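Report on the following structure.
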Amino acid sequence: MKKVLVVDDRPDTLFCHERILSSAGFDPITADDPVDALIVLAKDKFHAILTDYSMPGATPEYFLALLASKLPVLLVTSLRNPTVPPGIEIFYKWEHHNRFISRLKFLLAESV
């Protein structure tokens, strides 16, 4: 089962993403801020990261650049046109979750 790190400072969003990813066959592990995410990343191996854009603990640009250098990153945000490093895929919170699940499956199938 592919492990996906889910990072968001909102517990309700973490819970929803965790349920969606689990039902799609992924093993989601959650972190509630960027600092916690970096600690979790140092302790375990992940296949991808699903993260929010703006959270306390790190600037979004710095945090996303760190993540993008390690794994595929899918950003789920409500901000229109956020500034992100190359390679980050943007999904909007109002879009149906099947869109980011399909993309995640595609990205991880390529990495096999």
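Each Cα pair under 8 Å and six or more residues apart adds its sequence gap; the mean of these over the residue count of the range 16-62 is a relative contact order of 31 percent. Its Cα centre serving as origin, the range 23-112 has a Cβ charge dipole (Lys and Arg +1, Asp and Glu -1) of approximately 240 debye. Per residue, the average separation of C-alpha pairs within less than 8 Å and at least 6 apart gives the range 3-110 a relative contact order of 24 percent.
Throughout, read-outs are computed from the coordinates displayed, never taken from laboratory work. Since the structure is predicted, the reported quantities are computational estimates derived from the model, not experimental observations. Ideal geometry is used to build each Cβ from the backbone, glycine not excepted, and the neighbour counts take in all protein chains shown.
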